[in-house]
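The values are calculated or read from the model by the stated rules, or taken from the named source; none is laboratory data. Since the model is a prediction, treat every value here as computed from it, not as a measurement. Cβ: placed from backbone, ideal geometry, glycine included. Neighbour counts: every protein chain shown. For the accessible areas, the whole protein counts, side chains as well, though only heavy atoms, and no ligand, DNA or RNA atoms are used. Shrake-Rupley method; radii C 1.70, N 1.55, O 1.52, S 1.80 Å.
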Amino acid sequence: YKNIRNRFEKDEDDYEWVLANMDEYPDDICRRAFYNLTKNGNISTILQHKSHLDRQSLFNILNRLSLDSDEFMLDYDTIIELIKLVELRDKDMIKISKILRKGVSPDMRLKIFNSFGDDSKGAKDAYLHTLFDLEMLNEVEEFLYATEDEEYKNLKTYLMLKKEGKHIDLDIFI
């Protein structure tokens, strides 16, 4: 299988022959073929093989979304489905919020993270990150002041500074 791995290294577009015969190859080769697909392939083929989705492949897919083009689009339900397929860390949800900034509308970004409700601290953090990014400070304030005093202390400080007109990178407080 070393030859197959080398072939992937030389040509990232060369993955379809593995995906067409996945039962003949080890799992790591299939995952690599899928990873390459997420960087260059069409969405229908990606969705056919989504069982191989991992964190980095998810990031690849979301990075390809664009508000400026209809070439590679996903609807709300598909984005939620893909996010739920992958075991993510809390920080990954914030990364997804940053990635989606250029790929989906502000309303959809809010809807995506709000849909997780209280199920995920990472999703709540990503929702807050999105609210800050969209300068929706009243909504941030409403959310934060409904929490315990010790909860989200850093973000409460950031909100106070933001309201005072200070321009500080949000990532310092996350």
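So, Asn36, is that one in contact (Cβ under 8 Å) with a residue 40 or more places away in the chain, part of a helix (DSSP H, G or I) and either of a type outside the set (A, V, I, L, M, F, W, C) or in contact with a helix residue (DSSP H, G or I) (Cβ under 6 Å, 6 or more places away or on another chain) (or both) or not?
Numbers: in contact (Cβ under 8 Å) with a residue 40 or more places away in the chain: no; part of a helix (DSSP H, G or I): yes; either of a type outside the set (A, V, I, L, M, F, W, C) or in contact with a helix residue (DSSP H, G or I) (Cβ under 6 Å, 6 or more places away or on another chain) (or both): yes.
Considered against the rule, which asks whether it is in contact (Cβ under 8 Å) with a residue 40 or more places away in the chain, part of a helix (DSSP H, G or I) and either of a type outside the set (A, V, I, L, M, F, W, C) or in contact with a helix residue (DSSP H, G or I) (Cβ under 6 Å, 6 or more places away or on another chain) (or both), Asn36 comes out as no.
Within region 68-104, which residues are open to solvent by 100 Å² or more (accessible area, probe 1.4 Å) and of a type in the set (A, V, I, L, M)? Lay out the reasoning, then the answer.
Of all residues in region 68-104, those open to solvent by 100 Å² or more (accessible area, probe 1.4 Å) come to 68, 70-71, 73, 77, 84, 87, 89, 91, 101-102.
Answer for region 68-104, where residues must be open to solvent by 100 Å² or more (accessible area, probe 1.4 Å) and of a type in the set (A, V, I, L, M): just Met73.
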- Query: Do you know which of the residues in region 105-153 that are part of a helix (DSSP H, G or I), out of contact with any Ser or Thr (no Cβ under 8 Å at 6 or more places or on another chain) and among the polar types (S, T, N, Q) is surrounded by the fewest Cβ atoms within 10 Å (Cβ to Cβ)?
  - Reply: Asn138
- Could you count how many residues in region 40-72 are at pLDDT 90 or above and assigned to a loop (DSSP other than H, G, I, E, B)? 4
- Item | Positions within region 154-168 being open to solvent by 90 Å² or more (accessible area, probe 1.4 Å) and without any contact (Cβ under 8 Å) to a residue 12 or more places away in the chain, in sequence order | Met160, Glu164, Lys166, His167
- Residues of region 42-86 classified as in contact (Cβ under 8 Å) with a residue 24 or more places away in the chain and under 13 Å from Val104 (Cβ atoms), total: 15
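What tally of residues in region 95-104 results from selecting those that are of a type outside the set (D, E, K, R) and part of a helix (DSSP H, G or I)? Break it down into steps so the answer makes sense when it comes.
Narrowing region 95-104 to residues of a type outside the set (D, E, K, R): 96-97, 99-100, 103-104.
Filter once more, keeping what is part of a helix (DSSP H, G or I): 96-97, 99-100.
Matching residues across region 95-104 total 4.
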